[in-house]
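Read through the structure below, which is laid out as structure tokens, and then see the notes.
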Amino acid sequence: MALLKDFTTARKVVRTMLRSRRNRRRVAGLVGAHPLPDPGSVTIAVYFADTKVNLYQIRQWYAPLAELSKRFPVAIIARSPSSVLALWDEAPVPTVYLRRVSELEQFVAEQPLKIIFYVNQNAKNFQMFRYGRMWHVFINHGESDKMYMTTNQFKAYDFSFVAGAAALDRLSHKLWDFDLTKKAIPIGRPQADHFAGELPYLPDDRTVVLYAPTWEGDREAAAYGSIATHGVALAKAVLASETHRFIYRPHPRSGVVDDEYKNANIAIIAAIAEANASDPSVQHIYDDGKELGWQLVAADVAITDVSAMVYDRLATGKPLIVARPVSPLADIDEAGYLGSCEWLRADEAGDILSIVDRVQFDVEAKENLGYWAERHFGDTAQGSATARFHDAVESLIALWHRHAQIHIGDRRSSEVDPFEEDDDESPTSE
């Protein structure tokens, strides 16, 4: 058994190495079509050191970044071949590929960078943290009550953009000696101002139910995924209804750790295909697209796991159900919205239609939802979050200029680390 496991691991490593080499060859062939920005032209950069599997973390910022770029020059810094290939194809702002640390150093030396955004806590972020004459700002890839939202890594950044009062309260209870007033800046959810898109079905009088679960997680404390425990039963119930439409949008990493989770995901996708084949007019949707927004607005009721999707949906003010994790070790912060949300237990999943009807029309449920939407995001009127995002950026740039004047006479020394490994990308990291 151990030998088989070793063989499987070795085969996976070889496949990964071959894929990485192919990606590097493709990048080499395309890099000429994507020249570096002119020196002195980039004010704000988004640093993304991760591989393609986590591109969802930056994709949700595409629309806000495109809007911001109308006021300030914005670029994305990619360190991975697989990521840059996708970003070159789809990102709305220029993407630069800086695989080597020396290339990163040259880019920093050439550009008047004032703000660096980070969407995750990748360990390679520290290669960018070295540079001191700019603000390092964590913008995250969602608002949620996951343990990820209160990690002590927040202290590594000069500032963090957070959603609202709930985020500030969450951080105040988790982080010791953290200056919330100075370091955490509420901006709401600017993505919500761009929730739109063409529907992949023809609307009718069916009640649209969105099921958007997260992945299974790689540790018990983060075992929030519900596909294997709730998903199959609730999917069957909705698909069997003559008055409901099912939209299924699983997390792109679903099943990467747990085969049972993977098989449940496959079963739901197959059930959707079977239902549509039996009656094409029902127009159930399996959604694995890059665009996120229309699903949250179009659904009459949404079912999510404990994830950022809870709060993206909450920002719309429309009915929401949260699948309660089965694992007693899953870390759930019930001090906020999750303490009064509409929970769906695994043993209730087969009765999802009656629960959908209740949350859709119950007055008390609607009032509770409205209260928490404001607490998490503040003013959710169209355009409000975008305005706060831009105001926060402008205030940091003004602060940068003030500090630049204070330090105008400082001796400029090299920020290069002579011991840093120049080849940032290992052949097995893709």
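The values are calculated or read from the model by the stated rules, or taken from the named source; none is laboratory data. Computed from a predicted structure; not experimentally measured. Don't worry about glycine lacking a Cβ; one is built from the backbone with ideal geometry, like all the others, and counts go over all protein chains shown. Surface areas here come from the heavy atoms of the whole protein model, side chains and all, with no ligands, DNA or RNA. Shrake-Rupley method; radii C 1.70, N 1.55, O 1.52, S 1.80 Å.
A few remarks follow.
- The residues of the range 342-393 that are of a type in the set (A, V, I, L, M, F, W, C), over 22 Å from residue 245 (Cβ atoms) and open to solvent by less than 20 Å² (accessible area, probe 1.4 Å), listed by number, are 373, 377, 385, 389, 392, 393.
- Counted residues, the range 285-323 - those being among the aromatic types (Phe, Trp, Tyr) and free of Cβ contacts under 8 Å to residues at least 40 places away in the same chain: 1
- Scanning the range 209-222 for residues that are farther than 18 Å from residue 323 by Cβ and over 18 Å from the mean Cα position of the chain (by Cα) yields one hit, 219.
- Some residue of the range 188-202 being among the basic types (Lys, Arg) and either closer than 30 Å to residue 354 by Cβ or surrounded by fewer than 22 Cβ atoms within 10 Å (Cβ to Cβ) (or both): no
- Residue within the range 156-163 that is open to solvent by less than 20 Å² (accessible area, probe 1.4 Å) and among the β-branched types (Val, Ile, Thr) present: yes
- Unique match (being in contact (Cβ under 8 Å) with a residue 12 or more places away in the chain, out of contact with any Gly (no Cβ under 8 Å at 6 or more places or on another chain) and either crowded, with 17+ Cβ neighbours inside 10 Å or assigned to a loop (DSSP other than H, G, I, E, B) (or both)) among 65, 30: 65
- Those residues of the range 357-391 which are charged (D, E, K, R), under 28 Å from residue 139 (Cβ atoms) and in a helix (DSSP H, G or I), in sequence order: 374, 375, 388, 391
- Top-ranked residue in the range 283-308 [being open to solvent by 10 Å² or more (accessible area, probe 1.4 Å) and part of a helix (DSSP H, G or I); ranked as farthest from residue 344 (Cα to Cα)]: 294
- Verdict on residue 350 being over 22 Å from the mean Cα position of the chain (by Cα) and either under 25 Å from residue 161 (Cβ atoms) or modelled with pLDDT under 90 (or both): no
- Check on residue 327, part of a loop (DSSP other than H, G, I, E, B) and either at pLDDT 95 or above or open to solvent by less than 50 Å² (accessible area, probe 1.4 Å) (or both): yes
- Qualifying residue in the range 330-339 (condition: β-branched (Val, Ile, Thr) and over 21 Å from the mean Cα position of the chain (by Cα)): no
- Subset of the range 208-220 [open to solvent by 30 Å² or more (accessible area, probe 1.4 Å) and either in contact (Cβ under 8 Å) with a residue 12 or more places away in the chain or touching a strand residue (DSSP E or B) at 6+ places or on another chain (Cβ under 7 Å) (or both)]: 215, 218, 220
- Residue check for residue 255: out of contact with any strand residue (DSSP E or B) (no Cβ under 9 Å at 6 or more places or on another chain) and on the phi > 0 side of the Ramachandran plot: yes
Yes/no matrix, rows are residues, columns are (1) touching a Lys or Arg at 6+ places or on another chain (Cβ under 8 Å); (2) modelled with pLDDT of 95 or more; (3) not aromatic (Phe, Trp, Tyr):
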site	(1), (2), (3)
112	no, yes, yes
115	no, yes, yes
118	no, yes, no
124	yes, no, yes
139	no, yes, yes
143	yes, no, yes
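- Check on residue 54, under 25 Å from residue 149 (Cβ atoms) and buried (at least 20 other Cβ atoms within 10 Å of the Cβ): no
- Selected residue [over 26 Å from residue 78 (Cβ atoms), under 18 Å from the mean Cα position of the chain (by Cα) and touching a residue at least 12 places away in the same chain (Cβ under 8 Å)] from 184, 167: 167
- Residue 39 vs. criteria part of a loop (DSSP other than H, G, I, E, B), touching a Phe, Trp or Tyr at 6+ places or on another chain (Cβ under 6 Å), surrounded by fewer than 19 Cβ atoms within 10 Å (Cβ to Cβ) and at pLDDT 95 or above: no
- Every test in (1) acidic (Asp, Glu); (2) out of contact with any Leu (no Cβ under 6 Å at 6 or more places or on another chain); (3) within 27 Å of residue 259 (Cα to Cα) is passed by residue 169 save one, and that test is (3).
Yes/no per residue for (1) over 30 Å from residue 220 (Cβ atoms); (2) surrounded by fewer than 19 Cβ atoms within 10 Å (Cβ to Cβ); (3) touching a Gly at 6+ places or on another chain (Cβ under 7 Å):
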{"position": "92", "(1), (2), (3)": "yes, yes, no"}
{"position": "103", "(1), (2), (3)": "yes, yes, no"}
{"position": "121", "(1), (2), (3)": "no, yes, no"}
{"position": "126", "(1), (2), (3)": "no, yes, no"}
{"position": "140", "(1), (2), (3)": "no, no, no"}
{"position": "149", "(1), (2), (3)": "no, no, no"}
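- Flag if residue 70 is surrounded by fewer than 17 Cβ atoms within 10 Å (Cβ to Cβ), within 22 Å of residue 390 (Cα to Cα) and basic (Lys, Arg): yes
- Residue check for residue 248: under 21 Å from residue 286 (Cα atoms), of a type in the set (Ser, Thr, Tyr) and open to solvent by less than 20 Å² (accessible area, probe 1.4 Å): yes
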